[in-house]
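In what follows, a single structure is set out as structure tokens and then discussed.
The values are calculated or read from the model by the stated rules, or taken from the named source; none is laboratory data. From a predicted model like this one, the values you see are computed outputs, not experimental measurements. Cβ atoms come from the backbone with ideal geometry, glycine included; neighbour counts cover every protein chain shown. Calculation scope for accessible area: heavy atoms of the full protein, side chains included, ligands and nucleic acids excluded. Shrake-Rupley method; radii C 1.70, N 1.55, O 1.52, S 1.80 Å.
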Amino acid sequence: MMQEYFADLADFLTSLLSGNEISTCSFAAEDSDFVRLNRSAIRQAGSVSQRTLSCDLIEGLRHASGELTLSGDLALDRPRLAALLEQLREQLPYLPEDPHLLYATEVQSSEHLGDNHLPEDSGAVVSAVLDAGHGHDLVGVYAAGGIHSGFANSFGQRNWFSTYTYNLDWSLYLQADKAVKSRYAGFVWDPAEFSHKMDAAKAQLAGLAKPARTIEPGEYRVYLAPTALVEIVELLSWGGFGLKDHRTKQTTLLKMLEESLTLSPQVTLQENTADGVAANFQAAGFLKPDRVTLIEAGAFGECLVSPRSAKEYGVPTNGASSWEMPASLDLAAGTIPDSEVLRQLDTGVYINNLWYLNYSDRTACRITGMTRFATFWVEHGEIQAPLNVMRFDETLYRLLGDKLLGLTAERDFLLDPSTYHARSTSSFRGPGALVEGFLFTL
């Protein structure tokens, strides 16, 4: 029904065009349940149903864009869309020509209807979460529901993508800055898998109750859990893979381009649209390939190329967004079983989470940040004590290069819990990493 509603609006918009006018429009909608938990009780529950339509009116190399929040009632939304089009039409003559304007003109319609395996009643899932957290201070947010995206242009192209996911982002809180943070996301709620994650969090919470230890700055052998490694990979996405950043020499991977530096051969990173939850098309109507290999066996692979960069540099686009950032990151698994992590770490630091990451030297791809939540000191494969917060400062070429000892065989699927304006569709599927010589500076 949502798809037909969007198609009706797109047809209506096309019917209003005149002369050489061209239109593109993008549709975004969600029907989500949200439950906020605190002290193992429901503190806030609600649902969000929202729809927005972004339009671009094009004539020659001039274009003007605008956005509407929709009611879902065609009788109300059609006149408002007509009014928006008239506003864009009035602006168009006064705008400069855009030399990098590029939009799809070859009609490539597509349809992806995700299967909805979510529980009909989110309350049953929340009850299971509260039961599992009984006796602990459980804090977190559960979000679940359908997310829908559409594209249409006046050439007749129609694209639709819908997906149904859940995302539980929670912590078991002990005291002060001591808590175990975990995530569980996916398409089908698996009670056994959730129970496994909760049991692991409870076991780490018991470890947090021991007196905290502070270690001297220096190099240590560390294990970065997937929830920590994702922070590094996501930061790398900020200016690392876009063609514009590469051609202007602003990419954080500049040394891979100009000095032929590589990462460990164990590192293969893809933009895996086929297995993500983000739409497989973008706002100018170009389709995304199922996969773009960003790093292959440690060597740089392909750039993400937006239509604007494609026009500016005279190369084909691969359907990247205007930000040229990956949305469905996929880091290949390694060979270390999860059950072997502590034994292979032997003596060092087990890191569950990182935060406040930023570049301390973009050219060298040097990253600084802090440990967060459950970080432990390990001796001879046994957790000894929680560690007080530490700051690290490392280059990617050491961290995922010559200091990378291995990646885990099992991978986590993590959804971005951000809900600014709407639930995020960014995701990461990846392993944990065992690293030697990891530099803590404070």
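Would you mind stating whether Tyr350 is in a loop (DSSP other than H, G, I, E, B) and aromatic (Phe, Trp, Tyr)? Against the criterion (in a loop (DSSP other than H, G, I, E, B) and aromatic (Phe, Trp, Tyr)), Tyr350 does not qualify. Checking each residue in segment 331-362 for being closer than 20 Å to Ser237 by Cβ, touching a Gly at 6+ places or on another chain (Cβ under 8 Å) and either polar (S, T, N, Q) or surrounded by 22 or more Cβ atoms within 10 Å (Cβ to Cβ) (or both) picks out Leu331, Leu354, Asn358. The number of residues in segment 72-118 being open to solvent by less than 60 Å² (accessible area, probe 1.4 Å) and either under 18 Å from Ser162 (Cβ atoms) or of a type in the set (S, T, N, Q) (or both) comes to 4. Glu312 falls short of the stated requirement of being among the charged types (D, E, K, R), farther than 30 Å from Ser424 by Cβ, open to solvent by 10 Å² or more (accessible area, probe 1.4 Å) and out of contact with any Asp or Glu (no Cβ under 7 Å at 6 or more places or on another chain). Residues in segment 215-224: is at least one touching a residue at least 24 places away in the same chain (Cβ under 8 Å) and within 15 Å of the chain's Cα centre (by Cα)? No, segment 215-224 contains no residue that is touching a residue at least 24 places away in the same chain (Cβ under 8 Å) and within 15 Å of the chain's Cα centre (by Cα). Considering Thr251, Thr214, the condition of being surrounded by 18 or more Cβ atoms within 10 Å (Cβ to Cβ) and of a type in the set (Ser, Thr, Tyr) is satisfied by Thr251 alone.
When segment 277-287 is limited to residues that are part of a loop (DSSP other than H, G, I, E, B) and open to solvent by 10 Å² or more (accessible area, probe 1.4 Å), the one that is farthest from Glu106 (Cα to Cα) turns out to be Ala279.
Scan segment 343-357 for residues that are at positive phi and under 28 Å from the mean Cα position of the chain (by Cα) and the total you get is 1.
Within segment 228-248, if we keep just the residues that are open to solvent by 20 Å² or more (accessible area, probe 1.4 Å) and assigned to a helix (DSSP H, G or I), the residue that is nearest to Lys178 (Cα to Cα) turns out to be Glu231. Checking each residue in segment 220-271 for being of a type in the set (Gly, Ala, Ser), over 16 Å from Met325 (Cβ atoms) and at pLDDT below 95 picks out only Ser260. Listed by position, the strands (runs of 3 or more DSSP E) contained in segment 38-154 that have at least 2 residues being over 30 Å from Trp170 (Cβ atoms) and in contact (Cβ under 8 Å) with a residue 40 or more places away in the chain are 41-59, 110-113, 137-153.
Residue-by-condition table, conditions (1) in a loop (DSSP other than H, G, I, E, B); (2) without any contact (Cβ under 8 Å) to a residue 24 or more places away in the chain; (3) within 15 Å of the chain's Cα centre (by Cα); (4) farther than 24 Å from Arg62 by Cβ:
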| site | (1), (2), (3), (4) |
| --- | --- |
| Gln266 | yes, no, no, yes |
| Gln270 | no, no, yes, yes |
| Ala310 | no, no, no, no |
| Asn318 | yes, no, no, yes |
| Met325 | yes, no, yes, yes |
| Gly334 | yes, no, no, yes |
| Val341 | no, no, no, yes |
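Restricted to segment 180-209, and to residues that are among the aromatic types (Phe, Trp, Tyr) and assigned to a loop (DSSP other than H, G, I, E, B), which residue is least open to solvent (accessible area, probe 1.4 Å)? Taking the candidates together, the pick is Trp189. Mind checking whether some residue in segment 359-369 is under 26 Å from Ala212 (Cα atoms), touching a Lys or Arg at 6+ places or on another chain (Cβ under 9 Å) and modelled with pLDDT of 95 or more? There is at least one residue in segment 359-369 that is under 26 Å from Ala212 (Cα atoms), touching a Lys or Arg at 6+ places or on another chain (Cβ under 9 Å) and modelled with pLDDT of 95 or more.
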